[in-house]
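One structure is given here, and the rest of the page talks about it.
The values are calculated or read from the model by the stated rules, or taken from the named source; none is laboratory data. Because the structure is a prediction, the values reported are computed rather than measured. All Cβ positions, glycine included, derive from the backbone under ideal geometry; neighbour counts span all protein chains shown. For accessibility, only protein heavy atoms count, side chains too; no ligands or nucleic acids. Shrake-Rupley method; radii C 1.70, N 1.55, O 1.52, S 1.80 Å.
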Amino acid sequence: MPILVMKFGGTSVADLGRIANAAEKVKREVERGYDVIVIVSAMSGKTNELVKWVNDTSGFYDAREYDAVVSSGENVTAGLMALRLQEMGISARSWQGWQVPINTTSAHSAARFESIPRDNIDAKFAEGFKVAVVAGFQGVSPEGRITTLGRGGSDTTAVAFAAAFDAERCDIYTDVDGIYTTDPRITSKARKLDKISFEEMLELASLGAKVLQTRSVELAMRYKVRLRVLSSFDETDETSGTLVCDEEEIMESKVVSGVAHSRDEAKITLFTIEDRPGIAAAIFGPLADAGVNVDMIVQNISEKDYDAAHAGAVTDMTFSCPVDQVARAKKAMEEARAEGKIKYDELIIDTDVSKVSVVGIGMRSHAGVAARMFKALSAENINIKVIATSEIKISVLIDRRYMELAVQILHDAFALDSAA
Ligand code: ADP
Ligand code: ASP
Ligand code: MG
């Protein structure tokens with residue numbers, strides 16, 4: 001039998017009614033002749049609640065216990081989905097990560113897949129089971145402890161199963177009917193795309209478009225998984241949603257194809273650091289050791305070439321990281337300073353910034369995208385604090401209160417509401 005992977009996100013399994021609705025979609029695919037692997041998320045809001053319970057219990061928690069707690073939401077929905085399917089006359093059973101087993105590294109809360117042996121689930125399909133309902137987001141470490149894959153990780157579970165089981169397709173059912181030129185919750189002008197390239201989706205995801213977890217797109221690209229995003233709320237068929245595919249399959253070619261945003265960023269500046277070889281390593285080494293995901297980095301070429309008070313050339317260093325890592329970053333810098341590894345006069349933290357980015361593979365061959373972007377932002381008096389570019393994206397850090405506005409005006413500036 002051909003295998004299909006169907007993943008249902010939090011809002012798609014938010015209550016028993018939604019689970020029943022998702023089960024209907026699964027039933028339809030079984031009737032079409034597929035053996036189905038269903039990947040479920042926790043009910044919407046559940047994982048956030050579990051994370052809060054952990055934080056309220058323990059400040060610097062044991063990551064293994066964090067995973068034991070936050071993985072549990074998916075166990076509930078997997079069991080409920082299997083029960084609902086059974087009620088509909090479909091032979092289904094649930095699988096927790098360790099039962100498959102979904103083998104991962106032991107990097108708790110950010111684990112990566114090592115292997116997903118097919119034998120156990122294949123044996124059940126061979127016995128006549130039609131559906132395997134697998135708890136997303138979780139796995140088991142070499143030490144036999146429960147792991148999780150990072151927020152939004154059920155997408156990655158789905159793609160990994162599609163690759164491991166040579167599935168015909170991996171369908172990601174969610175609360176929007178596809179991938180849009182930007183988050184449809186920010187502008188009604190956002191336009192649904194029929195197709196998007198792996199490269200562009202990878203950038204959009206890593207720049208904050210949470211419709212797919214970044215790692216899921218990486219895996220789909222590597223293993224050539226046919227990945228589709230579609231609505232669990234609407235009637236759907238083979239042509240619904242957005243297909244993530246190779247660049248060659250796409251006719252439309254705009255210079256910019258999407259705008260992404262990441263709301264909760266922070267900007268940290270170290271004022272008056274020594275301008276000498278090794279200083280960047282001395283700053284970013286301790287940050288990496290503290291588990292801070294540094295994103296953008298700017299080292300000023302300042303006029304402060306020589307500063308008598310510091311007996312040498314000095315400069316300033318600015319970097320960005322997620323807001324919830326600021327405390328760790330600050331601690332790492334203060335410790336490095338106390339140990340004499342770095343010197344700075346002042347540490348300035350701005351926790352009210354967001355990142356807005358434009359993405360498009362057309363940028364490889366077109367100049368002028370940055371100029372157009374900066375002009376559009378300046379027309380609205382939005383000040384750019386930090387800029388970062390790559391081959392197919394330009395990102396800026398701006399005040400958070402302008403984030404929505406910036407997304408809207410960039411969407412307009414690049415005429416993303418029209419396909420031509
Ligand atoms: P699920 O619970 O199904 O995994 P998520 O909330 O993780 O759903 O992802 C879906 C959300 O992603 C949408 O509700 C939408 O607000 C957001 N989103 C951000 N950028 C985009 C985009 N470019 N296209 C579609 N949705 C987007
Ligand atoms: N439930 C997990 C989360 O909220 C995983 C997922 O939904 O993909 O992050
Ligand atoms: Mg998600």
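Shown in residue order for the range 313-320 are the 3J(HN,Hα) couplings computed by the Karplus curve 6.51 cos²θ - 1.76 cosθ + 1.60 at θ = phi - 60°: 5, 10, 8, 10, 10, 10, 9, 10 Hz (x for Gly and Pro).
I'd like to compare 107-120, 128-141: which one has the highest average count of other Cβ atoms within 10 Å, and what's the full order after that?
Packing proxy ranking, top to bottom: 128-141, 107-120.
With the simple model of a label 7 Å out from the Cα in the direction of the Cβ, F129 to Q299 spans 5.5 nm. With R₀ fixed at 45 Å, the C-beta to C-beta distance from F233 to D289 puts the FRET efficiency at about 0.50.
Based on the alpha-carbon gyration tensor of the range 61-210 and its eigenvalue square roots a ≥ b ≥ c, which shape applies: rounded if a/c is under 1.5, prolate if not and a/b is larger than b/c, or oblate?
oblate
Between the listed residues G178, A92, Y66, the Cα displaced farthest toward the positive end of the dipole of the chain, a dipole computed from Cβ unit charges relative to the Cα centre, is found at A92. Comparing L207, L347, L397 in a Gaussian network model of the chain (Cα springs below 10 Å), the most mobile by mean-square fluctuation is L347.
Peptides 59-72, 191-204, 150-163 ranked from most to least packed, by the mean per-residue count of other Cβ atoms within 10 Å: 150-163, 191-204, 59-72.
Would the range 164-273 count as rounded, prolate or oblate if I go by the C-alpha gyration tensor, calling it rounded below 1.5 in a/c and otherwise prolate when a/b exceeds b/c, oblate otherwise? Prolate, because a/c is 1.5 or more and a/b exceeds b/c.
Computed from point charges on the beta carbon alone (+1 for Lys and Arg, -1 for Asp and Glu), the dipole magnitude for the chain about its Cα centre is near 340 Debye. Are there trypsin sites (Lys or Arg not before Pro) in the range 210-296 that DSSP puts in a loop and that have at most 13 other Cβ atoms within 10 Å, and which ones? Here the sparse-neighbourhood loop sites are K224. In the chain, taking the dipole from charged Cβ atoms about the Cα centre, the farthest positive-side position among V244, V76, A162 is held by V76. If R0 is taken as 35 Å, the Cβ-Cβ distance between F271 and K224 corresponds to a FRET efficiency of 0.10.
Each Lys and Arg Cβ is given +1 and each Asp and Glu Cβ -1; about its Cα centre, the range 136-223 then shows a dipole of about 260 debye. What percentage of the solvent-accessible surface of the chain, computed with a 1.4 Å probe over protein heavy atoms, is contributed by carbon and sulfur atoms? That fraction is 49 percent.
Residue pairs exceeding 19 angstrom between C-alpha atoms, taken from K355/K375; K27/K210; K267/K385; K25/K189: K27/K210; K25/K189. Backbone geometry of the range 363-376 corresponds, through the Karplus equation with coefficients 6.51, -1.76 and 1.60 at θ = phi - 60°, to 3J(HN,Hα) couplings of 4, 4, 10, 10, 8, x, 5, 4, 4, 5, 5, 5, 5, 4 Hz, x marking Gly and Pro. Ligands, DNA and RNA are left out, and with a 1.4 angstrom probe the accessible area of the chain is 45 Å² per residue.
Taking 0.36 nm per residue of separation and subtracting the current Cα-Cα distance, fully stretching the chain between L347 and S91 would add 86.1 nm.
Using a ≥ b ≥ c from the Cα gyration tensor of the range 29-146 (square roots of the eigenvalues), is it rounded, prolate or oblate, where a/c under 1.5 gives rounded and otherwise the larger of a/b and b/c decides, a/b for prolate? Oblate, because a/c is 1.5 or more while a/b does not exceed b/c. To the nearest ten degrees, helix 326-338 and the longest principal axis of the Cα atoms of the chain are 40 degrees apart.
When each of the peptides 339-345, 291-297, 39-45 is scored by how many other beta carbons lie within 10 Å of its residues on average, the order from highest to lowest is 39-45, 291-297, 339-345. Close amide H pairs (under 5 Å, H built 1.01 Å from N) link I102 with V140, residues at least 5 positions away or on another chain. Here the Karplus relation 6.51 cos²θ - 1.76 cosθ + 1.60, evaluated at θ = phi - 60°, turns the backbone of the range 33-48 into coupling constants of x, 8, 8, 10, 9, 9, 9, 10, 8, 6, 4, 4, x, 5, 4, 4 Hz, with x for every Gly and Pro. The alpha carbon centroids of the range 154-173 and the range 181-219 are separated by 17 Å. Which FRET efficiency, nearest 0.05, do K331 and M251 yield, Cβ-Cβ r, R0 35 Å? With R0 = 35 Å, the Cβ-Cβ based efficiency is 0.10.
Relative contact order for the chain: 14 percent, from Cα pairs under 8 Å spaced at least 6 residues apart, divided by residue count. Rounded to the nearest 20 debye, the dipole size of the range 244-370 about its Cα centre is 200 debye, using +1 on the Cβ of Lys and Arg and -1 on the Cβ of Asp and Glu.
Diffusion coefficient (Stokes-Einstein, Kirkwood radius over C-alpha pairs, 25 °C, 0.890 mPa s) for the chain: 106 µm²/s, rounded to a whole number.
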